């Protein structure tokens, strides 16, 4: 006997687990990519509709050029379509996969074009302390995002700014050094320190395992 | 002189690797080291996940210019994707999840079992205009060699997965139809006895069975689809 569809009370009288928006999104993405891999263009359309603001927004934050960002965003979706058969959900969520494609393409484009990278002040202001979500917004956010935002808020502002410029602005440490007017070594230290602090905050330590053989 | 990196030198470069800002030569040397060093590999993976988290959760969103979606779909339509086969373990799971979901609103699904995410997959496929998904085991003398799935929607598709002790190689997938001769729709490649493949097809409502054939044309296993 197949289980009841979600939203229906099953024979045991239990209402099936309510949709969890994050899980549902991930499951929907997997189903869409599976259908894309089979050549379903309607699935591709839904996938584009769902993610286009994130993809375009990330490309724009790196390229600071609407035309170039649109080119990169289009290419990102095209590559997702072409490589949908190799997507493996066990290695990461679809959103991560798609944004990694986007980020790599945008960084390649900004290196080739040598177009004016995004104004670091604009990016940092957008992502900086003043932009971090407030308590009400955090309460609505998923737990992963909440943990990240809280960890970011604990970083010294100069480290947070350097990390945002590197991760979301796609800037090299040399570029950060120039735009921030700081020595290259300082730029590297800020980015690395921020990454290591976030890692310590976000990545759970390996559990202690007692391997002793004594009773 | 050796080009091999020490762990200390590697870890100094790992943030740049995670950020994608390493030059090609350094990147190659680093990846060589990571391939041999579990501790550095773990740290690399963790730093990469940090960058992924920052990008996924904090990257700004912006509305693309009008017509963006149409332009993307035009580019996609120009790529030959309609007949390709694919092999992807998680897709197997996704399809199985759909098949075991039971009867859901609007999308008629046949099969049995249970899945944690069943409702969501049905929801997605229903939203894609799905009408029916039929599933059946690929059988050979009572043994289950795999599963076959036939989906009818705006774009219909067939998917087979196999796990059985047969020689590695390519096997032919054939659809038996009630209104015409059998139709070969593609090949499934098995590695260590396992493989999966799928493709879009035309009309599927007259498909009665899915068969997997070896190179000599002998039927290895057959899935009789529910009416």
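For B:166-179, what's the mean count of beta carbons from other chains sitting within 10 Å of each residue's beta carbon? Let's see the in-between values first.
Numbers: counts 0, 0, 0, 0, 0, 0, 0, 0, 0, 0, 0, 0, 0, 0.
Neighbouring Cβ atoms belonging to other protein chains average 0 per residue here.
Please arrange B:154, A:188 by counting, for each residue, the other beta carbons lying within 10 Å of its beta carbon, fewest first.
Details: B:154 12, A:188 20.
The order, fewest Cβ neighbours first, is B:154, A:188.
For the pair residue A:82 and residue B:42, what calculated FRET efficiency results from E = 1/(1 + (r/R0)^6), where r is the Cβ-Cβ distance and R0 = 41 Å, to the nearest 0.05? Mind showing how you got there, number by number?
Numbers: r = 31 Å, r/R0 = 0.76.
Once rounded, the FRET efficiency stands at 0.85.
At residue A:108 and residue A:147, where each label point lies 7 Å from the Cα along Cα→Cβ, what is the point-to-point distance in nanometres?
In this crude spin-label approximation the distance works out to 3.2 nm.
Could you check the simple spin-label distance between residue A:154 and residue B:168, using points 7 Å along Cα→Cβ, in nm with one decimal?
Using points 7 Å along Cα→Cβ, the separation is 4.8 nm.
Each label point is 7 Å from the Cα along the Cα-to-Cβ direction; what then is the distance between the points at residue B:144 and residue B:177, in nm?
Reported label-point gap for residue B:144 and residue B:177 is 2.9 nm.
Partner chain Cβ atoms within 10 Å, averaged over the residues of B:10-17 - can you pull that number for me? Please report the intermediate quantities before stating the final value.
Values: counts 0, 2, 2, 1, 3, 11, 6, 0.
Shielding by partners across B:10-17 averages 3.
Please give the peptides B:133-145, B:176-188, A:159-171 ranked by average Cβ packing (other Cβ atoms within 10 Å per residue), highest first, as a rough proxy for protection. Mind dumping the intermediate values first?
Working: B:133-145: 17.2, B:176-188: 14.2, A:159-171: 27.0.
Ranking, from highest mean packing down: A:159-171, B:133-145, B:176-188.
From other protein chains only, count the Cβ atoms within 10 Å of every residue's Cβ in A:64-77, then give the mean. Write down the numbers at each step before the final one.
Details: counts 0, 0, 3, 1, 0, 3, 6, 1, 0, 6, 9, 2, 1, 7.
Partner Cβ neighbours, averaged per residue: 3.
Throughout, read-outs are computed from the coordinates displayed, never taken from laboratory work. Model, not experiment: these values are computed from the prediction. In this analysis, Cβ positions are derived from the backbone assuming ideal geometry, glycine residues included, and neighbour counts consider all displayed protein chains.
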